[in-house]
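Take this structure first; my questions come after.
The values are calculated or read from the model by the stated rules, or taken from the named source; none is laboratory data. Every value quoted in this text rests on a predicted model; they were computed, and no experiment measured them. All Cβ positions, even for glycine, are placed from backbone atoms using ideal geometry, and neighbour counts span all protein chains on display. Note: areas computed on protein heavy atoms with side chains; ligands, DNA, RNA excluded. Shrake-Rupley method; radii C 1.70, N 1.55, O 1.52, S 1.80 Å.
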Amino acid sequence: MPKIIGLTGGIGSGKSTVAKFIEEMGFPVYYSDVRAKEIVNDDELLKKGIIELLGAKAYDENGLYDRKYVAEIVFNDEELLQKLNGMIHPAVKYDFEKWVGNQTTEFVFKETALLFELKLNESCFKSVLVTADDNLRLKRVMDRDGKTYREVENVMNKQMPEKDKIKIADFVIFNNDGMDELQAETENVIRQIEKLNE
Ligand code: ADP
């Protein structure tokens, strides 16, 4: 079985960019958030559970998950949101385990914003945190998603503070410079991880 490396970072930290560099180095990356969005449509059992919890309107006339509707009804209902996540997270976990079983490399990477929040790092060999100054992250996400300062700030405020994540992570990539520096730093960290396995 490959060893699992958790790859995380808050919104706009650069974790997806780092994940692409890692793929270029030949390691498979599992994108948890992307898969979660697919699973709500593909996993029939999960779909059934979501409809039982939120009603048939959680899926549109084409049978596709209605993200906007679901967001609206769970927005002010913390308990409902917890229940929904309590269904989606185990389904992603199961999907990830199946995926890992099909990989043949020495290491695989699991990209997720919630590595520490959900304590997923406990089932990883090592964790890698990508982080950058808050103002840089804000600017990068505003440029990337066309969101306002307030919108990005709201998401950032809901996530675990970077200073707490830095304390827990095995490796930290500070993404305050350019793309070339980020790629070099990523390669440096991967080499260090490979050395641990020699
Ligand atoms: P995350 O996945 O953590 O939300 P991304 O990897 O999507 O973050 O990065 C956020 C945005 O910032 C993207 O548009 C990305 O291209 C850009 N970006 C990331 N790192 C750098 C960097 N070092 N220099 C310039 N732009 C960057």
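What accessible area per residue comes out for the chain, rounded to a whole number of Å², with a 1.4 Å probe?
Values: 11390 Å² over 198 residues.
Solvent-accessible surface per residue comes out at 58 Å².
I want the local charge near THR186. Using Cβ-Cβ distances under 12 Å, sum +1 for each Lys or Arg and -1 for each Asp or Glu among the other residues. Could you put the intermediate results ahead of the total?
Numbers: positive: LYS15, LYS20, ARG191; negative: GLU23, GLU24, ASP180, GLU181, GLU185, GLU187.
Here the charged neighbours net out to -3.
Could you state the principal axis extents of the C-alpha atoms in the stretch 34-102, from the largest down, to the nearest angstrom?
Largest to smallest, the principal-axis extents are 38, 28, 19 Å.
Right, next: Of TYR69, PRO28, SER123, which is farthest on the positive side of the dipole of the chain, counting Cα position, with +1 on Lys and Arg Cβ, -1 on Asp and Glu Cβ, and the Cα centre as origin?
The residue sitting most towards the positive pole is SER123.
Pull out the extension gain between LYS3 and ILE168, defined as 0.36 nm times the separation in residues minus the alpha carbon to alpha carbon distance; nm, one decimal. List each step's numbers first, then the result.
Values: separation 165, 0.36 × 165 = 59.40 nm, distance 1.88 nm.
Length gained between LYS3 and ILE168: 57.5 nm.
Please compute the length gained on full extension between GLU61 and GLU198, using 0.36 nm multiplied by the number of residues separating them and subtracting their Cα-Cα distance.
44.0 nm
Can I ask one more? What accessible surface, in Å², does a 1.4 Å probe find on ASP143, ignoring ligands, DNA and RNA and rounding to the nearest 10?
110 Å²
Between LEU136 and GLU24, what is the label-point separation in nm under the 7 Å Cα-to-beta-carbon projection?
If labels sit at GLU24 and LEU136, their model points lie 1.7 nm apart.
If each DSSP helix of 4+ residues adds -39,500 (n - 2.57) and the sum is divided by the residues in the chain, what number results at 222 nm, nearest 500 deg cm²/dmol? Mind dumping the intermediate values first?
Details: 9 runs with 111 residues, N = 198.
After summing the helix terms and dividing by residue count, I get -17500 deg cm²/dmol.
For ALA184 and LYS68, what is the calculated FRET efficiency with R₀ set at 45 Å and r taken between the beta-carbons, to the nearest 0.05? Each step should come with its number before you reach the end.
On the way: r = 40 Å, r/R0 = 0.89.
Efficiency, rounded to the nearest 0.05: 0.65.
Accessible area, 1.4 Å probe, largest first: how do GLU79, GLU38, GLU198 sort?
Numbers: GLU79 125, GLU38 75, GLU198 180 Å².
The ordering from most to least exposed comes out as GLU198, GLU79, GLU38.
In the stretch 11-100, carbon and sulfur make up what percent of the accessible area (probe 1.4 Å)? Write down the numbers at each step before the final one.
Numbers: 2850 of 5230 Å².
Carbon and sulfur atoms account for 54 percent of the accessible area of the stretch 11-100.
Let me ask something else about it. When the C-alpha atoms of the chain are aligned to their principal axes, what extent does each axis show, in angstrom, from largest down?
Over the chain, Cα extents along the principal axes are 50, 42, 28 Å.
Among LEU81, LEU136, LEU46, which one moves the most in a GNM of the chain with springs linking Cα atoms closer than 10 Å?
LEU81
Could you compute the FRET efficiency for ASN154 and ALA36, with r as their C-beta to C-beta distance and R0 at 25 Å, rounded to 0.05? Don't skip to the answer; put the middle values down first.
Values: r = 20 Å, r/R0 = 0.82.
Computed FRET efficiency for ASN154 and ALA36 comes out at 0.75.
Still on this structure, please answer the following. What distance in nm separates the simple spin-label points at ASP143 and GLN103, each placed 7 Å from Cα in the Cβ direction?
3.0 nm
Just how far, in whole angstrom, is the stretch 1-16 from the stretch 66-126 if you go by their alpha carbon centroids?
Result: 13 Å between the Cα centres.
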